[in-house]
Amino acid sequence: MKIFSFAIVSLIMMSCLLTFLVSSNVEASEYLGVLCGNVQVGSQTANFKLVVTDMGGWHYILNGTSTNSSTTATAAVFGNAEIVGSNIIMTLHGSRIDADATSISTASVKIDLSTMSGIVRTISSDYNYSDGKFEPDAHISGNVTLIPCP
C-alpha cells in the first residue's frame, strides 16, 4: 500500500510539473480585426473578408470568406500570413459549392506594405455537375488591393 501511495503522489507531482512547464511556454493568440481586399483578374473581381488572429512573432492566422463576380457562391477561406521585410506574404485555401460546380483553390499572395497592393497566383480545381467533368489545375494570376471593410 505504501508503494501505491508513493506512486500516486509521484504521478501527481510529475503531472503538476509538466503542466507548469507546458503552460509557461504558451502564448495566447489575439484577435486583431478584419482584413478586406479585392482581386482583379481580367474583367472578373473577387472580394475577400478575413479575420486576422495574431499568433505572436509576426505570424498570423486568417479565416473568412471570398466572393467572385462570376458566381453567386461564397467560398470558405483559411490560411496564414507572415510579415517578411516590407511585404505581407499570405497562403490562402478555399472551397466553394454552388449550383453548377464545386471548386477548391490555393492562392499565394504578396502585398507591399507601402502600397497595400500586390499580386496573387492561384491554382484551382473545379468539378462541373452538368457535364460531370473535372477541370484540374486552373492557373490564375491577378492583382490584389487591400480595401476598407464594408
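Values for this structure:
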quantity	calculated
Test for Phe78: is it modelled with pLDDT of 90 or more, of a type in the set (A, V, I, L, M, F, W, C) and in contact with a Ser or Thr (Cβ under 6 Å, 6 or more places away or on another chain)	no
Segments classed as strands (runs of 3 or more DSSP E), wholly inside the range 52-150, with at least 3 members that are in contact with a strand residue (DSSP E or B) (Cβ under 9 Å, 6 or more places away or on another chain), within 19 Å of Gly42 (Cβ to Cβ) and in contact (Cβ under 8 Å) with a residue 40 or more places away in the chain	133-147
Residue check, Tyr60 over 17 Å from Ser124 (Cα atoms) and modelled with pLDDT of 95 or more	yes
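The values are calculated or read from the model by the stated rules, or taken from the named source; none is laboratory data. Please read these numbers as outputs of a predicted model, since none were measured by experiment. When we count neighbours, we look across all protein chains shown, and the Cβ atoms used for this are built from the backbone with ideal geometry, even at glycine.
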